Amino acid sequence: MSGTGPARRLPLIAVVGPTGSGKSELGIALAHRLDGEVINADAMQFYRGMDIGTAKLPVEDREGVPHHLLDILDVREEASVARYQEYSRQVITDIRARGNVPILVGGSGLYVRAALDELEFPPTDAAVRARLETENDENGPAALRDRLAVVDPVSAERLGDERRVIRALEVHEITGRPFSSFMPQRVYHQPAVQIGLQVDREVLKERLAKRVHLMVEAGLEDEVRMLDTQGLRQGRTAARALGYSQFLRVLDGEWSTAEAAADTIAATRRFARRQLTWFRADQRIHWVDWRHSELVELAERAVRSGGALS
């Protein structure tokens, strides 16, 4: 693909929606039409070797479209939204420099927002956090919450668990700013259009069940076994991935394959519901019926009319 004048003027594109709705396929189709390159925005697809259980498209199914930010972590590493923001924006800049259109594809809502929106990440300080954790252990959470109510009443009202209260006090101590001042706004970092795949929930439920069974048939248990030798259990992010946490229990003899598959299906359905709730809250998304006979045309039209640069 080579860049063109019109491609340079198109906005940043994001294809979003619940797992199993066909985002990857739509992203590729738009890339062909718009001189695009795909940027992964699925947190679990960052991991090398986590292929079957994340429905990662094999290279041969990417139809020659460049894909970025896949296979960038090993399973021991923790995924970071702040690092993703840095990496994704650099990739966006590089794609633009080639005259092509960046197309984010994925259902990890916070990662999508990190790439798209004005989203500032407050710093951390391990020593400050450790001291606050010690105070919490010695004096109880009420004292810390009272302190937070003085310096950041908005956060004190919003935050429920002790860990988040400690984090809010840590941020205030480091920056002098209330943690609530870092809350994201729905303001694009650069012109963008989001295309959301609108699904039939009952059809999606059955599709997700079928997909999990196909993953099991394709060797998900063997994939988990292989990753276990590479430190999967030590990964704070990867070990919690749908399917992987369940099949670790198969390896441990706690569950049968059927039990792990059933739990994975239930967990995946719950995850899809949470994704829909997340994306429905963003009024900027252009929703398109996932099964529409002219899905790609409608999505392209939304891109060209919804956010083309002057």
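Here are some notes:
- FRET efficiency, 1/(1 + (r/R0)^6) with R0 30 Å, evaluated for His32 and Asp222 via beta carbons: 0.35
- On the basis of the beta-carbon distance and an R0 of 35 Å, Arg9 and Arg273 show a calculated FRET efficiency of 0.40.
- Cα-based Kirkwood hydrodynamic radius, the range 89-133, one decimal, Å: 13.3 Å
- Rg over Rh [alpha-carbon atoms, Kirkwood Rh] for the range 88-171: 1.20
- Note on the chain: with a GNM built from Cα contacts shorter than 10 Å, the maximum mean-square fluctuation among Arg76, Arg233, Arg167 falls on Arg167.
- Scaled against the 2.2 N^0.38 Å expected of a compact globular protein of N residues, the Cα radius of gyration of the range 207-269 reads 1.02.
- Note on the range 26-80 and the range 124-178: Cα centroid distance 37 Å, given to the nearest whole angstrom.
- Among Glu138, Glu86, Glu217: highest mean-square fluctuation, GNM of the chain, C-alpha pairs under 10 Å: Glu138
- Computed FRET value (nearest 0.05) for Arg301 with Val59, which takes r as the C-beta separation and R₀ as 35 Å: 0.70
- When the charge dipole of the chain is built from unit charges on Cβ atoms (+1 for Lys and Arg, -1 for Asp and Glu) and taken about the Cα centre, the candidate among Asn100, Tyr111, Pro153 whose Cα reaches farthest toward its positive end is Asn100.
- Note on the chain: GNM, Cα springs under 10 Å; of Ala260, Ala149, Ala209, the largest mean-square fluctuation is that of Ala149.
- Convex hull volume per residue, computed on the Cα atoms of the range 1-94, equals 105 Å³.
- Candidate aspartates and glutamates for bridging to Lys23, where Cα separation is under 13 Å - those fewer than 8 sequence places away on the same chain excluded: Asp42, Asp289
- Remark: relative contact order (the chain) = 28 percent; criterion is Cα-Cα distance under 8 angstrom and separation of 6 or more residues.
- Note on Lys205: aspartates and glutamates with a C-alpha under 15 Å away, same-chain residues under 8 apart excluded, are Asp263.
- Taking 7 Å steps out from each Cα toward its Cβ at Phe182 and Arg83 produces label points 1.7 nm apart.
- Ellipticity at 222 nm from helices only: DSSP H runs of n ≥ 4 in the chain, each -39500 (n - 2.57), divided by the residue count, give -16000 deg cm²/dmol.
- For the chain, alpha-carbon Rg relative to the globular expectation (2.2 N^0.38 Å, N residues): 1.09
- Under a model in which nothing but the beta-carbon of Lys, Arg (+1) and Asp, Glu (-1) is charged, the range 58-183 shows a dipole of about 360 debye around its Cα centre.
- Dimensionless Rg/Rh of the range 126-182 - Kirkwood Rh, Rg from C-alpha atoms: 0.92
Coordinate-derived values only; no laboratory data. Since the structure is predicted, the reported quantities are computational estimates derived from the model, not experimental observations. Don't worry about glycine lacking a Cβ; one is built from the backbone with ideal geometry, like all the others, and counts go over all protein chains shown.
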